[in-house]
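Report on the structure given below.
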Amino acid sequence: EYINDWVVTELLYLEATHRGYADSEELKQQLEAVRKRLAVAALLQKEIYSGDSSSVTDEAIGERFRSSAQDFALHEDVVNASYATFNDRDVANAFRSEVLRGAQWHDAVWRVESDSVMRSHLLRTADHQYFTRTTLYPEELWKLARTLGKEEVSFVIKTAGGYSVLRLHGLKRQGEIPDLDYVRNDIRDRLLIEERRSRYEQLIATLRARHAVEVHLDHADTTAPASE
């Protein structure tokens with residue numbers, strides 16, 4: 001199929017060249033327009049976008065969060081939770097017991113993953129992740145999370161997805177200010193956009209100062225209707 005597409009393209013190009021379309025003035029204008037767009041894109045990539053992923057510091061993110069916290073008020077409830085889901089109730093209970101005895105969540109998960117027998121029963125885990133109603137599923141886990149106190153470990157709950165143990169680290173309700181970590185990436189993106197806009201405006205100002213720009217409207221079509 002690939003070879004056939006290539007052959008067909010070459011045949012059509014040969015015919016277009018034979019008929020003079022490849023050297024037409026219209027095509028040259030189109031190619032020049034494409035060349036300009038690609039050159040401008042390369043310039044902007046180099047001067048505006050390249051290498052700026054780490055230019056926004058944690059200090060800047062924290063400062064924006066503190067100064068504009070209300071801008072990030074939650075539109076829905078958010079929980080910060082850890083959970084582990086197994087396909088065997090006994091293994092889930094053993095995991096829960098270890099956490100209740102004081103084991104750190106990631107240590108308890110690591111021990112399960114290090115045991116060849118227990119590992120075979122582990123279906124999925126999450127450690128200190130943020131969830132909304134639409135991202136924490138099955139639905140029973142979301143309902144369970146909202147009944148727990150901070151750092152409380154749940155009983156083993158059976159759902160269609162298996163046997164789960166959940167620990168709640170925090171709950172923020174709609175309208176409240178979220179944890180910084182929940183909106184960190186959003187703030188970073190906003191600051192990057194602002195920084196790029198500033199660099200773009202500085203670049204344009206530099207180019208305008210470097211080059212003389214004259215606009216002549218002597219031959220403009222004044223009879224054409226103005227666009228809104």
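With the full set of protein chains in place, find how many percent of the accessible area of the chain is carbon and sulfur; take the probe as 1.4 Å.
On the chain, the fraction of accessible area on carbon and sulfur atoms equals 51 percent.
Of all alpha-carbon pairs in the stretch 1-58, indicate the percentage at a distance above 14 angstrom.
Roughly 73 percent, once rounded to a whole number.
Calculate the spin-label point distance for Leu44 paired with Glu15, positioning each point 7 Å from the Cα along the beta-carbon direction, and give it in nanometres.
In this crude label model, Glu15 to Leu44 measures out at 3.7 nm.
Whole-Hz ³J(HN,Hα) for each residue in the stretch 123-139, computed from phi via Karplus 6.51 cos²θ - 1.76 cosθ + 1.60 with θ = phi - 60°, x for glycine and proline: what do you get?
These are the phi-based 3J(HN,Hα) values: 9, 6, 9, 8, 10, 6, 9, 8, 9, 10, 4, 7, 10, 9, 9, x, 4 Hz.
Using the Kirkwood radius over Cα pairs, work out the Stokes-Einstein diffusion coefficient for the stretch 93-228 at 4 °C and 1.567 mPa s, in µm²/s as a whole number.
Working: Rh = 20.5 Å.
Rounded, D is 63 µm²/s.
Would you please state the base-10 log of I(q)/I(0) at q = 0.10, 0.12, 0.13 1/Å for the chain, with intensities from the Debye formula using one equal scatterer on every alpha carbon?
-0.79, -0.87, -0.92
Rolling a 1.4 angstrom probe over the protein heavy atoms, how many square angstrom per residue are accessible across the chain?
Working: 16130 Å² over 228 residues.
I get 71 Å² per residue for the chain.
Using the Karplus curve 6.51 cos²θ - 1.76 cosθ + 1.60 with θ = phi - 60°, what ³J(HN,Hα) values do you get for each residue of the stretch 175-185, in whole Hz, with x for Gly and Pro?
Working through the residues one at a time gives x, 7, 7, x, 5, 4, 4, 5, 10, 4, 5 Hz.
Once each part is reduced to its C-alpha centroid, what is the distance from the stretch 172-203 to the stretch 61-116 in angstrom?
Answer, in whole Å: 25.
Given points 7 Å out from each Cα along the Cα-Cβ axis, report the Ala103 to Asp5 separation in nanometres with one decimal.
The modelled label-to-label distance comes out at 5.2 nm.
Per the Cauchy relation, a quarter of the hull surface: what is the mean projected area of the convex hull of the alpha carbons in the stretch 70-135, in nm²? If you can, show how the numbers build up before the last one.
Working: hull surface 22.8 nm².
Quarter of the Cα hull surface area: 5.7 nm².
So which lysines pass the test for Lys158, namely a Cα distance under 30 Å, with those fewer than 8 places away in the same chain ruled out?
Lys143, Lys150, Lys172
I'd like the Karplus ³J(HN,Hα) series for the stretch 154-168: coefficients 6.51, -1.76, 1.60, θ = phi - 60°, whole numbers in Hz, and an x wherever there's a Gly or Pro.
6, 6, 6, 10, 9, 10, 5, x, x, 9, 10, 10, 10, 10, 8
If you stretched the chain out fully between Gln174 and Asp88, how much longer would it get, using 0.36 nm times the residue separation minus the C-alpha to C-alpha distance?
Details: separation 86, 0.36 × 86 = 30.96 nm, distance 3.54 nm.
Contour length minus the Cα-Cα distance gives 27.4 nm.
On average, how much area does the Cα convex hull of the stretch 48-164 cover when viewed from any direction, in nm²?
10.7 nm²
Suppose the chain between Ser68 and Val117 were pulled fully straight at 0.36 nm per residue; how much longer would it get relative to their current alpha carbon spacing?
Values: separation 49, 0.36 × 49 = 17.64 nm, distance 5.00 nm.
Stretched out fully, the Ser68 to Val117 stretch lengthens by 12.6 nm.
The values are calculated or read from the model by the stated rules, or taken from the named source; none is laboratory data. Treat the numbers as computed from the prediction; the structure is a model and nothing was measured. Positions of Cβ are generated from backbone atoms using ideal geometry, with glycine treated the same way; all protein chains shown enter the neighbour counts. The accessibility values were calculated without ligands, DNA or RNA, using every heavy atom of the protein model including side chains. Shrake-Rupley method; radii C 1.70, N 1.55, O 1.52, S 1.80 Å.
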